[in-house]
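Heads up, the thing below is written out as structure tokens.
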Amino acid sequence: MSDTKTNVEQLHEAGALDKDRLHEDHVNAINQLSQEEVDHLKSINKKIQNQSGQSVGIIL
Amino acid sequence: MIGKTNKGITHFERLQANLSFLSARAADINNQFTQLATHPAVCIEHIFINQMVARATVPLMEEVINCANTIDNDPVCAPLIKYMEKHIAEETDHDQWYVNDLEKLGVSREEIFSRIPPSNVSALVGSQYYLIRHHHPIAFLGYIACLEVNHPTVEYVESLIEKSGLPAEGFSTILEHAVIDSQHGQDIINTINSLPLTEKHFRAIEMSAFQTYRYVALVMEDVCRAAPKNT
């Protein structure tokens, strides 16, 4: 069941990241994301390669 | 080679690669915002929130300088201070520009400064104060990199104006940033790549960028909630 897995495990299985390349700070930060954030990351995974550099809405 | 990691990529390329999954989430939420820009209330809320963030930009950079000046024997501090001094001059009064825009959209100064910022705005900006003061001021470069590299284009802002039906004068600050952030974005990339970063410095920048992308996405989700309930 997915709800027993950590965020890192869920995102690794969805192909959003490679858990073997993460250091401890990454793991801790990712595991603090909410389930809602993780579900969104999993759902947009297929679009990720095309989105780098796009506006994020907050502008300095 | 200066600016290259031991894997042959620049510090910024490494940062971008490690956080691509989170920047994609922030961009995806921004796409949702763009679709909702037909609702004037959503666009006004977007500018309102940007004013709240912008009012903290110069004070954050001043804090970076104050904290960097207290650190001895760290070769990143002198170039960090130099960059901040230049960038403070570039960012000064941008929060006031947003106030002027909001007034043109019917939001008074009193409304702007009496509203308590949403918790996600406090988290976005407040987490930077913590990292700067209690970890290392170099972290702030992660915040700037996220917000100035991923800037809107002129065409994008013009599409927001058209969709919203609001007066173009209310978007002058965002439009100006679509122009100037192209250079500011390259400046922060060059700065990060030119610094003699240790692994500790890099991770501070990386975790700052992680939090920035995370909270920006949450802030923009809040902006989207300004749309009428039946949309």
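May I ask which of B:Lys82/B:Lys200; A:Lys5/B:Lys229; B:Lys163/B:Lys229; B:Lys86/B:Lys200; B:Lys104/B:Lys229 have a Cα-Cα span longer than 30 Å here? Going by Cα-Cα distance, A:Lys5/B:Lys229 fall outside the 30 Å limit.
Kirkwood Rh, region A:2-46, all Cα pairs: how many Å?
Numbers: mean 1/r = 0.0959 Å⁻¹.
One over the average 1/r among Cα pairs gives 10.4 Å for region A:2-46.
Only alpha carbons enter this Debye calculation for the protein assembly as shown, each as an equal point scatterer, and the log10 of I(q)/I(0) it gives at q = 0.12, 0.15, 0.16 Å⁻¹ is -0.77, -1.19, -1.34.
With a 1.4 angstrom probe, the accessible area lost at the B-A interface totals about 3200 Å².
Normalised radius of gyration for region B:129-227, please: alpha carbon Rg relative to 2.2 N^0.38 Å, two decimal places. Provide the component values of the computation, followed by the final result.
Numbers: Rg = 16.1 Å, N = 99, 2.2 N^0.38 = 12.6 Å.
It is 1.28.
With every protein chain left in place, what is the accessible area per residue of region B:11-224 in square angstrom, probe 1.4 Å?
On the way: 8200 Å² over 214 residues.
I get 38 Å² per residue for this part.
With a sphere of radius 14 Å drawn around the Cβ of B:Val64, what net charge do the other residues whose Cβ falls strictly inside it have (Lys, Arg +1; Asp, Glu -1)? Don't skip to the end; give the middle numbers.
Details: positive: B:Lys82, B:Lys86, B:Arg133; negative: B:Glu62, B:Glu63, B:Asp74, B:Glu85, B:Glu91.
Summing Lys and Arg as +1 and Asp and Glu as -1 gives -2.
Inter-part distance, region B:169-183 to region A:4-33, computed on C-alpha centroids, equals 36 Å. A viscosity of 0.890 mPa s and a temperature of 25 °C, combined with the Kirkwood radius over Cα pairs in Stokes-Einstein, give a translational diffusion coefficient for region B:25-109 of 162 µm²/s.
Going through the DSSP H helices of chain B, which span 27 Å or more along their own axis at the Cα atoms while scoring at least -0.5 as a mean Kyte-Doolittle hydropathy?
Details: long enough: B:172-194 (33 Å, -0.12); B:199-224 (37 Å, 0.02).
Passing helices, by number: B:172-194, B:199-224.
The mean number of partner chain beta-carbon atoms within 10 angstrom of a residue's beta-carbon across peptide B:138-147 is 1. With coordinates expressed along the principal axes, the C-alpha atoms belonging to region B:61-116 extend over 51, 22, 9 Å, beginning with the largest. Panel note: the C-alpha atoms of region B:11-224, placed on their principal axes, show extents of 54, 34, 29 Å (largest first).
Contact-buried residues of region B:88-130, at a threshold of 30 Å² lost accessible area versus the chain by itself, are absent (1.4 Å probe; DNA, RNA and ligands ignored).
The values are calculated or read from the model by the stated rules, or taken from the named source; none is laboratory data. Computed from a prediction, not measured in an experiment: that's the story for all the values here. Positions of Cβ are generated from backbone atoms using ideal geometry, with glycine treated the same way; all protein chains shown enter the neighbour counts. Surface accessibility is based on the protein's heavy atoms, side chains included, excluding ligands, DNA and RNA. Shrake-Rupley method; radii C 1.70, N 1.55, O 1.52, S 1.80 Å.
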